[in-house]
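The values are calculated or read from the model by the stated rules, or taken from the named source; none is laboratory data. Please read these numbers as outputs of a predicted model, since none were measured by experiment. For neighbour counting, all protein chains shown are included, and Cβ atoms are generated from backbone atoms with ideal geometry for every residue, glycine included. Only protein heavy atoms, including side chains, enter the accessible area calculation; ligands, DNA and RNA are left aside. Shrake-Rupley method; radii C 1.70, N 1.55, O 1.52, S 1.80 Å.
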Amino acid sequence: SIEPEEVKLTVEGLGPWSYSKLKLAQNCPLGFYLKYVLKLKVPEAPLAPVTIIGKAAHAIIENVIIGKGIQDSFSLVRGEYVDKKKELTPEQWKESVETLEFNITAFRERLDTFETKYGVKGYVQELKSGLTRDYTPTGFFSGDVFWRGIIDMGIKLNSGDLVILDHKTGAPAVMGLRNFSSQLDSYKVLLHHGVEGIE
């Protein structure tokens, strides 16, 4: 049998919390116990191709948001994922990433329309944010971090509002926004207290 050397069963004793950690505790208590209480080191399974494709698509969108052209964004990311890291084969790139060009172009066009209509002050992307237990901003990896998360994208509006987007390349649209509302709610708190006050 495996016995933990010492388990401090307090909220703080389990280390920093995040939405994914909380979700694991809710959905699979045994998995949570093995990972965060016993701290068993299980070899990580290699990323599934669909996950790597999603990461590549996400990287393309990030480049497009900062003003790079669609073709330049695809070329930069292809160089990283196919040529350099070899995480995707040329065939996987052609079949699963190149085919996203229409969607990413349409996304950029919708953002342009949104900027004109609502007055965008700026964007945040891949923002790592952390809070202490009393909602004080702290570093993502700081010893006093209680809750943390990585926000895919936020659109800061001139009105003081902030629109939060979380890219879900692997999740079917039929799941709907309601299935991700608690994740987005946690990001609201991270942004409001960890970055700047938002409406």
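For the stretch 121-127, 3J(HN,Hα) computed residue by residue from phi via the Karplus equation (6.51, -1.76, 1.60; θ = phi - 60°) reads 7, x, 10, 10, 9, 6, 7 Hz, glycine and proline entered as x. In the chain, helical runs assigned H by DSSP with n ≥ 4 each contribute -39500 (n - 2.57); averaged across all residues and rounded to the nearest 500, the mean residue ellipticity at 222 nm is -11000 deg cm²/dmol.
How large, in percent, is the carbon and sulfur part of the accessible surface of the chain at a probe radius of 1.4 Å?
Exposed carbon and sulfur together represent 55 percent of the surface.
Taking a point 7 Å out from the Cα of N158 in the direction of its Cβ, the residues of the stretch 107-135 whose backbone N falls within less than 14 Å of it are 114-122. Given the choices (1) -0.35; (2) -0.28; (3) -0.44, log10 I(q)/I(0) by the Debye sum over Cα atoms at q = 0.08 Å⁻¹ derived from the coordinates of this structure is entry (1).
Phi angles across the stretch 41-50 convert, under the Karplus curve 6.51 cos²θ - 1.76 cosθ + 1.60 with θ = phi - 60°, into 3J(HN,Hα) values of 8, 9, x, 6, 6, x, 5, 5, x, 4 Hz, Gly and Pro given as x. Average accessible surface for the stretch 64-179: 62 Å² per residue, computed with a 1.4 Å probe over protein heavy atoms with every protein chain in place. Listed by chain and number, the lysines whose C-alpha is less than 21 Å from the C-alpha of K85, apart from same-chain residues fewer than 8 away, are K55, K94. Once you reduce the stretch 38-112 and the stretch 121-199 to the center of their Cα atoms, the two points are 22 Å from each other. Each residue, E126 and K23, gets one label point 7 Å from its Cα in the Cβ direction; the gap between the two is 2.0 nm.
Students often forget the sequence filter, so: which aspartates and glutamates lie under 17 Å Cα-Cα from K35 once same-chain residues fewer than 8 apart are removed? In chain and number order, the partners are E3, E5, E6, E12, E44.
Annotation: amide H of G149 within the under-5 Å range of S129, sequence separation 5 or more or interchain, hydrogens built in the peptide plane. As a size descriptor, the averaged projected area of the C-alpha convex hull of the stretch 63-103 was calculated at 2.8 nm². Which one of H193, L34, I164 has its Cα pushed farthest toward the positive end of the charge dipole of the chain, where Lys and Arg give +1 and Asp and Glu give -1 at the Cβ? Comparing the listed Cα positions along the dipole, L34 ranks first.
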